[in-house]
1. Of all residues in segment 217-238, which are assigned to a helix (DSSP H, G or I), out of contact with any helix residue (DSSP H, G or I) (no Cβ under 7 Å at 6 or more places or on another chain) and not polar (S, T, N, Q)?
2. Here are the criteria: (1) outside any helix (DSSP H, G or I); (2) within 24 Å of residue 59 (Cα to Cα). Tell me which single one residue 109 does not satisfy.
3. Quick one: would you say residue 195 is among the aromatic types (Phe, Trp, Tyr) and buried (at least 18 other Cβ atoms within 10 Å of the Cβ)?
4. Can you find, within segment 94-119, the residue that is surrounded by the fewest Cβ atoms within 10 Å (Cβ to Cβ) among those that are closer than 22 Å to residue 45 by Cβ and β-branched (Val, Ile, Thr)?
5. Can you pull out every residue in segment 126-174 that is closer than 19 Å to residue 110 by Cβ and either assigned by TED's automatic domain parsing to the domain that holds residue 191 or part of a loop (DSSP other than H, G, I, E, B) (or both)?
6. For residues that are touching a Phe, Trp or Tyr at 6+ places or on another chain (Cβ under 8 Å) and of a type in the set (A, V, I, L, M, F, W, C), scanning just segment 33-73, find the one that is nearest to residue 121 (Cα to Cα).
7. Condition test on residue 130, is it buried (at least 16 other Cβ atoms within 10 Å of the Cβ) and at pLDDT 95 or above?
Amino acid sequence: MPDVNITPVSLKCTICGGDIVNDYLVGTSYCANCGNKWSISDLYPDYAKYQRIIANITKANDIVESDNKAASANEAKLLYKTSVIECAKFNDPISSDLVRICEEGQKKADLLAIYAKGKGYFDKGSYDSALSTLSRAKGFRDSEAMIEICKEEIEKKRKKDIPWDVVFSLPLPAAVGLFFREVCHWPWAICILLFLAGSAGLGYVLYRGGVIEIIIKILSFLAAGPIIVFSILEYAFHVPTWISIVAAIGAPIAMFILFALTTEQLSIFANKKN
């Protein structure tokens, strides 16, 4: 990317006739052909009127290049915006060039805000959030390096969680298999194949992660208890199917209510004792 702080203008070098290039933030002009240098103030006698604007732009650039905070990005954007407003008072080629520098700076400030947010996730070890955020700031500072680290850490976590993924992939396919066996009277062989295929599919989804992983784990957790109760009653004690279903659904609900009431009574007793 070319340096947006360096801008060619229509002036020509008095030595070779080459284009004059202005580096506004440094305050020098030079010939793009022969390299001769001048002070910008020598070419533009009223250049001093831009000093406050240039000081603000320089400060904003320093923030964008060195700070890591989202609040700093907002400060830089405000400095750029203020500079653009002040440039509007002059309406000449130099102010137009400075406005362009500010516009490019605001884009970098936006990247800084995204980068700062992603780095915050990264420092906390929230690699999924860091990856999705830093991907929007690719090429800014060390975002590429952090993205690669995030990918490596996410892959490590996925491999580490494989045993749990297998566990959580079982209840829902088991519920579906039991439904088709008991309600639709499908053969055991087909129900088992359905269970295995469903478990494999859910296991892969859980391995990949994301929002769907959380939903599946919640549903699996809620389904595990009723499935165990139903299976014990139906196949171990040969209780009629409809009674087993009612007991499988009602038992966890009853236990939850009992737990809630017990907790409330214990809390009341502890408050009275205090």
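The values are calculated or read from the model by the stated rules, or taken from the named source; none is laboratory data. Values in this document were obtained by computation on a predicted structure and should not be read as measured data. So basically every Cβ, Gly included, is an ideal-geometry build from the backbone, and we count neighbours across all protein chains shown.
1. Within segment 217-238, 218, 221, 222, 228, 232, 235, 236 meet the criteria.
2. Here residue 109 clears every test but (1).
3. Against the criterion (among the aromatic types (Phe, Trp, Tyr) and buried (at least 18 other Cβ atoms within 10 Å of the Cβ)), residue 195 qualifies.
4. Result: 99.
5. 138, 139, 140, 141, 142
6. 60
7. Yes; evaluated as a whole, the condition is true for this residue.
Okay, residues lined up against (1) in the same structural domain as residue 142 (by TED's automatic domain parsing); (2) part of a loop (DSSP other than H, G, I, E, B); (3) modelled with pLDDT of 95 or more; (4) touching a Cys at 6+ places or on another chain (Cβ under 6 Å):
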residue	(1), (2), (3), (4)
3	no, yes, no, no
25	no, yes, no, no
29	no, no, no, no
38	no, no, no, no
51	yes, no, no, no
72	yes, no, no, no
81	yes, no, yes, no
